[in-house]
Amino acid sequence: MDNAFGQPQTILLLGGTSDIGLAIVRALLSPVTRTVVLACRDRGRGEQVAVSLRDAGVQVDVVHFDGADTETHETVLSEVIATHGDIDVAILAFGQLGEGEATGRDVAAAVHLAHVNFTGAVSASVATANQLRRQGHGALVVLSSVAGERVRKANFVYGATKAGLDGFAQGLGDSLVGSGAKVLVVRPGFVHSAMTRGLPAAPFATTPDKVAEIAVAGLRSGRRTVWAPGILRYVFMVLRHVPGPIWRRLPLG
Amino acid sequence: MFTVSRSSLTGWGRTNPSVADVADVLAGELPSVLKEAGPRGVLVRGLGRSYGDAAQNGGGLVLRLLGSATDAVLDRDAGTVRVGAGASLDELLRILVPRGFFVPVTPGTRFVTIGGAIASDIHGKNHHVEGSFGNHVVRLSLQRADGSVAELSRHDDPELFWATIGGMGLTGIVVDATLRLLPIQSSRMAVDTHRITDLEALFATMAEGDEHHRYSVAWIDLNAKGRQLGRSVLSRGDHARADQLPASVAVHPLAYGPKQLVAVPPIVPRPGVLNHASIAAFNEFWFRKAPRQRLGELQTISSFFHPLDMVGSWPRFYGRPGLVQYQFVVPFGQEGTMRRVVERISASGAASFLAVLKRFGAGNDAPLSFPQPGWTLALDMPGGTTGLGELLHGLDTLVLDAGGRNYFAKDAHTVPETIRRGYPRLAEWQAVRRRADPLGMWQSDLGRRLRLADD
Ligand SMILES: Cc1cc2nc3c(=O)[nH]c(=O)nc-3n(C[C@H](O)[C@H](O)[C@H](O)COP(=O)(O)OP(=O)(O)OC[C@H]3O[C@@H](n4cnc5c(N)ncnc54)[C@H](O)[C@@H]3O)c2cc1C
Ligand SMILES: NC(=O)c1ccc[n+]([C@@H]2O[C@H](COP(=O)([O-])OP(=O)(O)OC[C@H]3O[C@@H](n4cnc5c(N)ncnc54)[C@H](OP(=O)(O)O)[C@@H]3O)[C@@H](O)[C@H]2O)c1
């Protein structure tokens with residue numbers, strides 16, 4: 001149960017090594033935080049990032065979780081709950097970027113990306129939402145992306161998975177109205193993280209900490225969608241209506 | 001038959017909501033209703049006047065006991081009343097006062113149920129002489145998780161009796177109770193008011209004069225700093241005797257008819273109209289309005305005990321972030337800690353609309369009862385104040401180091417460890433609870449947040 005200040009006791013990070021996800025966890029830490037559960041496909045990497053959180057004085061549990069392994073998601077969730085009780089905030093942060101246009105020419109790679117970023121995310125979200133609904137409280141933070149706002153050729157499979165996930169998460173949030181559980185959709189632009197390492201930064205590039213700050217403010221004020229940075233909301237109001245021939249030529253990285 | 005509706009519930013502070021299946025039930029229906037309990041368990045809710053999440057059970061069943069004080073049985077000779085636990089003090093006072101009796105303890109609002117008063121073992125302005133609500137409960141009947149109803153008193157299963165008093169609804173549902181009453185000659189209070197310039201003077205005046213009055217409480221302006229730190233208005237009173245009444249009142253000495261003057265509409269512009277400026281202005285006004293000293297003034301029961309009840313749903317003034325109430329007690333001899341707490345709040349700039357200081361007398365046998373001999377401070381703060389969580393966490397540490405503790409009925413922020421330090425008899429209470437409810441049917445958000453049931 002969150003306390004009166006929206007400070008959670010138990011936080012679940014799906015994609016336990018995600019730079020943005022960990023930044024959100026850190027921004028949520030407070031004296032009431034009891035447990036952070038890092039759900040990772042590579043537990044060894046999870047244990048590495050757990051160290052700094054444990055130094056901050058929280059109890060960290062690293063559990064095995066593969067976003068692609070959808071049949072296991074409900075079991076992972078119920079084990080987390082059996083061990084730690086109610087989840088106050090769950091952050092869905094796992095995802096992959098793919099290899100740009102090349103992924104769009106490789107059947108197996110395209111299907112794999114769609115499977116992890118969309119199918120896996122849908123599966124983990126539904127499993128989490130069911131638990132939040134049973135508790136009558138709690139929030140699910142879904143990391144969408146501006147890449148799904150208007151899909152561009154440079155990473156169109158990735159963008160399409162985020163477009164699908166964004167729509168799904170909005171609808172999930174609507175379906176949870178009245179249940180006590182809520183969904184916050186976060187739409188970052190280019191973020192300097194492991195995912196984008198080595199790539200040229202796009203305009204309005206930001207950092208995981210900045211995204212986290214915006215996400216946490218959104219949670220506390222009861223928002224349903226936030227953009228990071230906030231200006232991208234207005235940028236995309238325009239970009240959404242740019243004619244196709246011009247859109248294809250825009251230098252958006 | 002009872003109907004269940006899925007509703008979002010908060011406490012009086014309107015902070016951390018959760019959704020539960022809520023149903024109004026008659027006491028007689030309870031055994032069959034309890035069979036419907038799911039894995040999230042059952043909780044009884046009174047009038048929702050606890051500030052935090054004590055009367056919530058997210059995802060579970062929340063029951064409200066039907067029944068009113070009109071069924072109450074008054075025994076004039078014994079000076080007791082037997083009343084259903086779903087009845088409110090408001091209803092009960094309307095029956096008792098005209099008949100020359102008063103409830104043994106009343107909080108700052110009369111809109112609490114008998115069940116809620118027992119479950120929080122509430123205290124009033126008379127704690128320094130008469131203790132808390134539980135001290136005046138002669139017996140009670142408790143709906144147990146297994147469907148049976150237990151008769152409890154100081155002689156019949158005293159352990160479960162005392163675990164239920166202050167037990168926050170986690171030992172079962174109090175169905176009815178017999179209370180010892182106070183005979184009164186009039187419905188008026190004879191009140192002495194003193195304006196006090198600082199905290200040291202307040203401690204001294206209260207320590208010395210409180211015992212001469214049944215009721216005593218001081219209102220502190222927490223926005224005042226420096227030399228004015230702790231400036232306050234001390235108000236002490238007793239039930240007026242018939243011979244103290246002027247002729248106009250003496251015709252109907254026991255007349256009683258409290259009214260609500262206004263209610264706050266559901267829509268208040270966010271983030272609320274109570275902010276630092278408006279709160280500081282109010283406190284200044286309140287302090288200046290009080291006379292330097294006024295003795296023997298006659299007041300009504302509602303203006304003396306329940307001034308806030310004149311404005312319905314007043315927390316709405318705080319807007320969306322709601323309000324947080326913080327109440328703790330520190331033992332006598334820890335006046336320095338109380339001073340440090342007041343200094344920290346005053347320095348933080350976190351505005352407090354009403355801060356109330358009171359001296360507690362002896363505690364009772366209930367393991368989770370809040371009052372213990374010492375000083376208690378209760379304050380309201382806008383939930384949206386930045387850094388408030390950290391401020392209160394720091395204050396918790398000061399309070400615990402001084403041997404004090406927090407009050408469950410007000411809490412919406414603290415952590416399980418705080419409770420373990422502040423309530424050393426928690427484990428004892430847990431053992432009684434396990435015996436009474438081995439399957440853990442009684443559950444609440446507060447219980448889960450503070451891990452009250454398990455260790
Ligand atoms: C303006 C104001 C002033 C106040 N002043 C004071 C004060 O001076 N002193 C003080 O001590 N408190 C004070 N309080 C707090 C209040 O007295 C307590 O929170 C009280 O418990 C509220 O009663 P309720 O019926 O609203 O119960 P709720 O808030 O609905 O429930 C409180 C707890 O009681 C349990 N409960 C309710 N009914 C039953 C039952 N039948 N059987 C078992 N458990 C039950 C619930 O499960 C819950 O844990 C004040 C509150 C307000 C809003
Ligand atoms: N960075 C950006 O510019 C940006 C912009 C908008 C949106 N986003 C989105 O934000 C989220 C977090 O990204 P990030 O920037 O924090 O990048 P990141 O640090 O690379 O995080 C991505 C995480 O996903 C995990 N992951 C990948 N496949 C997985 C699988 N099958 N099962 C479980 N975990 C898997 C990775 O685990 P490993 O450590 O094991 O690889 C990693 O922890 C992603 O959904 C991303 O799409 C990022």
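General remarks:
- A 1.4 Å probe run over the protein chains yields, for segment A:1-123, 40 Å² of accessible area per residue, whole-number rounding.
- Accessible surface of segment A:10-247, 1.4 Å probe, proportion on carbon and sulfur as whole %: 56 percent
- Segment B:1-102: C-alpha gyration tensor shape, a/c 1.5 cut-off, then a/b vs b/c: oblate
- When segment B:183-272 is described by a simple charge dipole with +1 on each Lys and Arg Cβ and -1 on each Asp and Glu Cβ, the residue from B:Leu234, B:Gln185, B:Ile220 located farthest towards its positive end is B:Ile220.
- When the P(r) is computed for segment A:137-235, the part past 19 Å accounts for 42% of the Cα-Cα pairs.
- Electrostatic dipole magnitude of segment B:4-65 [Cβ: Lys, Arg +1; Asp, Glu -1; Cα centre; debye, to 20]: 160 debye
- Only Lys, Arg, Asp and Glu carry charge here, each on its Cβ (+1 for the first two, -1 for the last two); on that basis the protein assembly as shown has a dipole of about 2000 debye about its Cα centre.
- When the surface is traced with a 1.4 Å probe over the full set of protein chains, B:Tyr256 keeps roughly 40 Å² accessible.
- Exercise: per-residue mean of other protein chain Cβ atoms within 10 Å, A:132-141: 5
- Accessible-area composition of chain B, carbon plus sulfur, in percent [1.4 Å probe]: 55 percent
- Over segment B:190-230: Rg over Rh, Cα atoms, Kirkwood Rh: 0.99
- Members of segment B:6-52 that become less accessible by 10 Å² or more once partner protein chains are added (1.4 angstrom probe, chain alone as reference): B:Arg6, B:Thr15, B:Asn16, B:Pro17, B:Ser18, B:Val19, B:Arg40
- Mean separation of Cα contacts under 8 Å, 6 or more apart, over the residue count of chain B: relative contact order %: 19 percent
- Distance histogram for segment A:10-247 (every C-alpha pair counted, 10 angstrom bins, percent rounded to whole numbers): 8, 33, 39, 17, 3, 0
- Per residue, in Å², the accessible surface of chain B once ligands and nucleic acids are set aside, probe 1.4 Å: 38 Å²
- Average beta-carbon neighbours from other chains, 10 Å sphere, peptide A:75-86: 1
- Rounded to the nearest Hz, the phi-derived 3J(HN,Hα) couplings of segment B:212-227 under the Karplus curve 6.51 cos²θ - 1.76 cosθ + 1.60 (θ = phi - 60°) are 7, 10, 5, 10, 7, 7, 10, 9, 10, 8, 6, 8, 7, 10, x, 5, where x marks glycine and proline.
- Of the trypsin sites (Lys or Arg not before Pro) in segment B:1-88, the ones in a loop by DSSP (not H, G, I, E or B) with at most 14 other beta carbons within 10 Å are B:Lys35, B:Arg76.
- Point-charge dipole on Cβ atoms (K/R +1, D/E -1) for segment B:69-184, about Cα centre, debye to 20: 400 debye
- Label-point separation, B:Arg292 to B:Leu66 (7 Å along Cα→Cβ), nm: 5.9 nm
- Computed with a 1.4 angstrom probe on protein heavy atoms, the A-B interface buries about 1900 square angstrom of accessible area in total.
- When chain A is described by a simple charge dipole with +1 on each Lys and Arg Cβ and -1 on each Asp and Glu Cβ, the residue from A:Ala124, A:Gly230, A:Val211 located farthest towards its positive end is A:Gly230.
- Entry note, segment A:19-164: relative contact order of 23 percent, from Cα contacts under 8 Å with a spacing of 6+ residues.
- Three-way shape label, the protein assembly as shown, alpha-carbon gyration tensor, a/c 1.5: prolate
- Looking at segment B:4-65, the DSSP beta bridges with both ends there are about 40 percent antiparallel.
- What the phi angles of segment A:165-181 give under the Karplus curve with 6.51, -1.76 and 1.60, with θ = phi - 60°, is a coupling list of 5, 4, x, 4, 5, 4, x, 4, x, 4, 5, 8, 4, x, 9, x, 8 Hz, glycine and proline written as x.
- Rg to Rh quotient for chain B, alpha carbon positions, Kirkwood Rh: 0.95
- Using distinct alpha-carbon pairs, which all enter the 1/r mean, Kirkwood radius of segment A:30-120 in Å: 14.9 Å
- Inter-chain shielding of B:445-454 (mean C-beta neighbours from other protein chains, 10 Å cut-off): 3
The values are calculated or read from the model by the stated rules, or taken from the named source; none is laboratory data. Because the structure is predicted, anything quoted here is derived from the model rather than measured. Neighbour counts run over all protein chains shown; Cβ positions are idealised from the backbone, glycine included. Protein only, heavy atoms only, side chains kept; ligands, DNA and RNA dropped before computing areas. Shrake-Rupley method; radii C 1.70, N 1.55, O 1.52, S 1.80 Å.
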